[in-house]
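Written out below as structure tokens is the structure these notes cover.
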Amino acid sequence: MSLPTKLLSEFDKSMLKSGYTDRSKALQTAIHSFINDYDWNRGDNQSGAGAIIMLYDNHAYNQDDKSIKIQHDYKDVIGSTTHLHLEGDNCLETIMVNGQIKKIKELAKYLSENRGIKNLKVHFVSLV
């Protein structure tokens, strides 16, 4: 594999700052990340796993009830959930998912449409 000198230099700097001491391992991680992004953006019929992370106001429009109903509709892709009470009315919830990308995207979309959600992120990994 050949890379422009400047790109390789920047990669090596980033690799070391991230704690990697082995360029091969860092490249494997970068390639997996590239595949994950590609699959997430293009592969609705493929499968993978990951986590949906939500920060929300627990008292806005009875968020817990809405979230639970949606999660019951997607129990085929949800493996587990964790709920953490933060300061004030804020809660952090992590939903571990495994299954078809299309279903994971639908779940994240329906959850994010609810009032009270302050932030929702999906972390996805391909099963490669």
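Could you pull out every one of the strands (runs of 3 or more DSSP E) wholly within segment 27-110 that has 1 or more residues that are surrounded by fewer than 13 Cβ atoms within 10 Å (Cβ to Cβ) and hydrophobic (A, V, I, L, M, F, W, C)? Before the answer, list the steps.
On the way: elements: 47-57, 78-85, 90-100.
Where strands (runs of 3 or more DSSP E) fall fully within segment 27-110 and carry at least 1 residues being surrounded by fewer than 13 Cβ atoms within 10 Å (Cβ to Cβ) and hydrophobic (A, V, I, L, M, F, W, C), they are 78-85.
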Is it the case that some residue within segment 40-49 is farther than 30 Å from D89 by Cα, touching a strand residue (DSSP E or B) at 6+ places or on another chain (Cβ under 7 Å) and of a type outside the set (S, T, N, Q)?
yes
If you go through segment 46-55 one residue at a time, do you hit one that is closer than 25 Å to V128 by Cα, under 16 Å from the mean Cα position of the chain (by Cα) and modelled with pLDDT under 90?
yes
Which one of the conditions (1) at negative phi; (2) surrounded by 15 or more Cβ atoms within 10 Å (Cβ to Cβ) does G116 fail to meet, given that it meets all the rest?
(1)
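The values are calculated or read from the model by the stated rules, or taken from the named source; none is laboratory data. Quick caveat, the model's predicted, so the values are computed rather than measured. We place every Cβ from the backbone using ideal geometry, glycine too, and count neighbours over all the protein chains shown.
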